[in-house]
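Working notes, structure below.
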Amino acid sequence: MRSRFSAFALGLPEFLLATWHPDTRPAELELDEAIVWQDLDIIRTEAGGPFDSNGIVEFEAHYRLLNQSNSQHEVSDFVREGGRWYYLDGDD
């Protein structure tokens, strides 16, 4: 989750697509350059340990857009395949 937040902050759509599960990954991803991602708060996690194949991360990501502070809250599902974690989907 932290690496995906960093990819949003650094404007790296290729990394985001590579860490997105193929079953739910969009064909392309265009990031809004006006959004400045500032901070990530992990609210809770479920599973996602070294012996798990699934995990859940609830987070709030803080950003600025047009000089206004905003945040995105999401509960994200991750799956491990071939030893790598992939973002599956999320709910607000």
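The values are calculated or read from the model by the stated rules, or taken from the named source; none is laboratory data. What you are looking at is a predicted structure, and each value in this text was computed from that prediction instead of being measured. So basically every Cβ, Gly included, is an ideal-geometry build from the backbone, and we count neighbours across all protein chains shown.
LEU40: outside any strand (DSSP E or B) and either without any contact (Cβ under 8 Å) to a residue 12 or more places away in the chain or surrounded by 11 or more Cβ atoms within 10 Å (Cβ to Cβ) (or both), yes or no? Considered against the rule, which asks whether it is outside any strand (DSSP E or B) and either without any contact (Cβ under 8 Å) to a residue 12 or more places away in the chain or surrounded by 11 or more Cβ atoms within 10 Å (Cβ to Cβ) (or both), LEU40 comes out as no. Please work out if ALA61 is at pLDDT 95 or above and over 17 Å from PHE5 (Cβ atoms). Answer is no for this residue.
GLY49 meets the conditions (1) assigned to a loop (DSSP other than H, G, I, E, B); (2) within 16 Å of PHE8 (Cβ to Cβ) in every case but one. The failed one is (2). Checked against (1) farther than 17 Å from ARG2 by Cβ; (2) over 12 Å from the mean Cα position of the chain (by Cα), ARG80 passes all but condition (1).
Does region 16-34 contain at least one residue that is at pLDDT 95 or above, loosely packed, with under 15 Cβ neighbours inside 10 Å and touching a strand residue (DSSP E or B) at 6+ places or on another chain (Cβ under 7 Å)? Looking for residues that are at pLDDT 95 or above, loosely packed, with under 15 Cβ neighbours inside 10 Å and touching a strand residue (DSSP E or B) at 6+ places or on another chain (Cβ under 7 Å), one finds at least one in region 16-34, hence yes.
Can you tell me which of (1) part of a strand (DSSP E or B); (2) over 12 Å from the mean Cα position of the chain (by Cα); (3) under 22 Å from ARG80 (Cα atoms) is the one ALA27 doesn't meet? All conditions are met except number (1). Part of a strand (DSSP E or B) and free of Cβ contacts under 8 Å to residues at least 12 places away in the same chain, is that true of SER76? Here the answer is no, as SER76 does not meet what is asked. Of SER76, SER53, all but one fail to be of a type in the set (Ser, Thr, Tyr) and surrounded by 13 or more Cβ atoms within 10 Å (Cβ to Cβ); the exception is SER76.
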